[in-house]
Amino acid sequence: MTYRTLGNGEPVRLFVAGLHGSEWKDTSDILENIRAPKEGTLAVIPVVSKGNYVSTLDDTYFTDIGQPIIEAVEELHPCIYIELHSYSAKNLAALTDPDRLRISGVPPFSRLDHAVLLGSVAPFIRRKYFPPQALCLTFEIQKDNSFSKQHATELVRIVKECTSKEKFIRFMFRRYPKQAENVIRDYRNFYGLQEELETLMKEFQK
């Protein structure tokens, strides 16, 4: 078993960090120090790999380096899946480029406070291993930015208490309404559930 569990019962969440290269130096301690949720189970993999950097957008990542993640997903069937990554400030423009979907095949990240970025996980794992109702997100922390890491830590603690995708989206609409619209838009692009998404938009924008 490659993951550690905190709490018990439903719902089950899976948070992973240190997915490739040296990112573990910026992200892993967030999961190493996290506490159990008030309700349900939180499974964590603080370090997936300290080896060479292989992008999660490369499908071979999840059949090789990222295999522990797939094994955990298949065992736990989490309804919430979070990846913690880190990025260099010089890459901010590329990660948030409105044209990123055409360039890289994934939507651009949304900027939150203190240079924390929010986006989807790789299409390979999202489409193949999770149902539409699951919440799958990536938080990117800016390297060498203590405020960014502190804010990401706060957000991770908030997400661990969410019991469904809807509760997280409700939080996002209260705090980051524009970014919440992006989350829903990206969800639509993955699954094409236009009717459900229109209902979500109306409910959370009340």
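The values are calculated or read from the model by the stated rules, or taken from the named source; none is laboratory data. Keep in mind it's a predicted model, so treat the numbers as computed, not measured. Backbone-built Cβ (ideal geometry, glycine too); neighbour counts: all protein chains shown.
Pick from segment 136-153 the residues that are charged (D, E, K, R) and surrounded by 14 or more Cβ atoms within 10 Å (Cβ to Cβ): which of them is nearest to residue 32 (Cα to Cα)? Working first, answer last.
To start, the set of residues in segment 136-153 that are charged (D, E, K, R) comprises 140, 143-144, 149.
Restricting the remaining residues to those that are surrounded by 14 or more Cβ atoms within 10 Å (Cβ to Cβ) gives 140, 143, 149.
On the way: 140: 17, 143: 18, 149: 14 Å.
Top of the filtered list is 149.
Within segment 73-91, can you find the residues that are of a type in the set (Asp, Glu) and crowded, with 24+ Cβ neighbours inside 10 Å? Even if it seems obvious, please write down each step before you answer.
Kept after step one, since they are of a type in the set (Asp, Glu), are these residues of segment 73-91: 74-75, 83.
Residue satisfying the conditions is 83 alone.
If only one of 121, 156 is in contact with a Phe, Trp or Tyr (Cβ under 8 Å, 6 or more places away or on another chain), assigned to a helix (DSSP H, G or I) and either surrounded by 15 or more Cβ atoms within 10 Å (Cβ to Cβ) or not hydroxyl-bearing (Ser, Thr, Tyr) (or both), which one is it? Criteria check complete, one pass: 156. Residues in segment 131-153 that are of a type in the set (Phe, Trp, Tyr) and outside any helix (DSSP H, G or I): 139 only.
Tell me, which residue of segment 46-60 that is among the polar types (S, T, N, Q), out of contact with any Asp or Glu (no Cβ under 8 Å at 6 or more places or on another chain) and closer than 22 Å to residue 105 by Cβ is surrounded by the most Cβ atoms within 10 Å (Cβ to Cβ)? By that ranking, first place goes to 55. Filtered by the rule that a residue be charged (D, E, K, R) and either out of contact with any Phe, Trp or Tyr (no Cβ under 9 Å at 6 or more places or on another chain) or surrounded by fewer than 17 Cβ atoms within 10 Å (Cβ to Cβ) (or both), segment 159-169 gives 161, 166, 167. When both residues are 6+ apart or on different chains and their Cβ atoms are under 9 Å apart, which pairs have a first residue that lies in segment 154-168 and is in contact (Cβ under 8 Å) with a residue 60 or more places away in the chain and closer than 15 Å to residue 14 by Cβ, and a second that is among the β-branched types (Val, Ile, Thr) and part of a loop (DSSP other than H, G, I, E, B)? Sorted first by the residue in segment 154-168, then by its partner, the pairs are 156/34; 160/34.
Residue 101: modelled with pLDDT of 95 or more, out of contact with any Lys or Arg (no Cβ under 6 Å at 6 or more places or on another chain) and among the hydrophobic types (A, V, I, L, M, F, W, C), yes or no? Answer is no for this residue.
So which residues in segment 108-129 are under 15 Å from residue 172 (Cβ atoms) and either touching a Gly at 6+ places or on another chain (Cβ under 9 Å) or of a type in the set (D, E, K, R) (or both)?
Here is the first cut: in segment 108-129, the ones under 15 Å from residue 172 (Cβ atoms) are 109-113, 116-120.
Selection gives 109, 110, 111, 113.
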